[in-house]
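Before any comments, here is the structure.
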Amino acid sequence: MEPSIPSTPPPATAEPAAAHESLRFDLRERLLRVPRPARVRASERDLAVDLFMLGFATGAAAVSASASGVPTADIGWLVALPALVLVLLGAQGIYTRRIGSTYLDDVRIVVAATVVAAIAVTFVRALLTHEAEAASQAVRGWLFAVAFVSAGRGGLHLGDLHVRRRGSAGRRTLIVGAGRVGHLIVRRLSAKPETGLKPVCFLDDNPIENGAGLPILSRESDVAWLVREYGIEHAILSFSSSSHEADLALSRRLRQLGVSISVVPRLFEDIPDRVVLDRVVGLPMVSTYPTNPRGWHFTLKYGMDRVLAFIAVTLLSPILLATSVGILLTLGRPILFRQTRVRLDGQEFEMLKFRTMRVGSATPGSASSAEQAILGDVAPGGVEGPDRRTRFGSFLRRTSLDELPQLFNVLRGEMSLVGPRPERDGYVHWFERSIPRYSDRHRVKPGITGWSQVHGLRGKTSLMDRVEWDNYYIENWSLWLDIKIVLLTIAAVVRDRSE
């Protein structure tokens, strides 16, 4: 139930020393009226589900071992594995409320924790006993634990996602600072309710125009009243014109009232995920470690790309052949569509696609269309001009089968499996002059799929957002991030096909 919101908040009042005890009592009363943080309930729920699924997995492992004639481990060893898994999951912070965590992130933590637990239990058993089946029993227990706990986590995420997208859940969030960054936070959180944060108001004395449609309260408002009346559970400290001392006092008061806090750091556009918080002469310092696109990691990535592309071409050859025949029968020759795109270090290459359209006037990137894209912050793409797709061509686009010939671009070393999507040469020169950090994408090879694409930035979507997501990928690249993007791409293709 939404809390009632008075039109005029009471101003903050001074706290005379004589009224110290009464104010402490009043603060305790206010704290009792603040709703219990949802993160506690979520943590207890997640722990209960993991405990249940681990118990189920242990029982299934024991039953399947008996059915296959393999000796079952003693009850002590059977219990040791799930108990250690729970401890490791807690140590990894999976039971702490994490903003923006995804199912794939949970699966990675579950796999890592169960692997370490299985190895540890096997090692201890090898030291203390001479059981020949210790390793095979640990592997069986690990497989069941991964499967059942991942399934339980999937159910939790699906339930949370359904509730949040209906707008009936999410931690009510205060945005401190109603400037450009504050409004950006509200727009993105409102567009992605699955993050679990629901902006309800701003706090700022000198706001810019309130384009987000939320109330803006003065910093002179009583913080305890604000937390109680708006039901605030989380606060995001953005940028404002207030002093450091005022922000520090506000942060401390919010914590006293049981409100969790996130802080948007200065230079946030240039901070990668790999950060280390050090204490130097008593001061906290954040050290950043972005991925080097010229380092050995990307050399290894490009080598793996070619190997995987060769395997993919071999496995998908029947589909490639069937698609070629379909195009030949519906459109005739040529089967492949070739278009000049820009790749690593600004070099040009011919990107391959299956043809999906009838022959018509070419629509290369022009100066006028590039200017329109820049002014409207809308990337070019999709169907431009008259729709000349055949029914078969529409099917190829909907299922992304038209992109499969780019595997040959990967084999030739022109593209990667995962990376920023390449743009037409006619647009690139304009975008590099007008879009901040656009040229940074050419530090790596372009990809068949990318981080911005799996977040819905395909076709005619925001240029600024696409550049931001693509540069995030470059500076935070890891093998896991590539695997995550591939899995999300497969999920997106399946979802698009079912719609």
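All of the numbers you see were taken from the coordinates with simple rules; none came from a lab. Computed from a predicted structure; not experimentally measured. Cβ coordinates were reconstructed from backbone atoms using ideal geometry, including for glycine residues, and neighbour counts include every protein chain displayed.
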Quiz item: Loop-only check: which trypsin sites (Lys or Arg not before Pro) in the stretch 223-310 are DSSP coil with at most 12 other Cβ within 10 angstrom?
Solution: R266, R294
Quiz item: So how much slack lies between L47 and F395, counting 0.36 nm per residue of separation and subtracting their Cα-Cα distance, in nm?
Solution: 120.9 nm
Practice problem: Would you calculate the separation in nanometres between label points at R443 and V263, each defined as 7 Å from the Cα along the Cα-to-beta-carbon direction? | Solution: 2.6 nm
Quiz item: Considering only DSSP states other than H, G, I, E and B, which trypsin sites (Lys or Arg not before Pro) in the stretch 408-442 qualify as loop sites with at most 16 other Cβ atoms within 10 Å?
Solution: R412, R437
Quiz item: Roughly how many nanometres apart are two label points built 7 Å out from the Cα toward the Cβ at R274 and A67?
Solution: 4.5 nm
Exercise. Kindly state, as a whole number, the per residue volume in cubic angstrom of the convex hull around the alpha carbon atoms of the stretch 170-264.
Key: 83 Å³
Quiz item: How much length is gained if the chain between A151 and I208 is pulled fully straight, taking 0.36 nm per residue apart and subtracting their Cα-Cα distance, in nm to one decimal?
Solution: 15.9 nm
Self-check item: Relative contact order computed over the stretch 296-498 (Cα-Cα under 8 Å; 6+ residues apart), in percent
Solution: 25 percent
Exercise. Would you please give the FRET efficiency between T340 and L411, computed as 1/(1 + (r/R0)^6) with r the Cβ-Cβ distance and R0 = 25 Å, to the nearest 0.05?
Key: 0.85
Self-check item: Theoretical gain in end-to-end length, S243 to L127 [0.36 nm per residue, Cα-Cα removed]
Solution: 35.7 nm
Practice problem: Could I have the simple spin-label model distance between R253 and T102, label points 7 Å from Cα toward Cβ, reported in nm to one decimal? | Solution: 3.8 nm
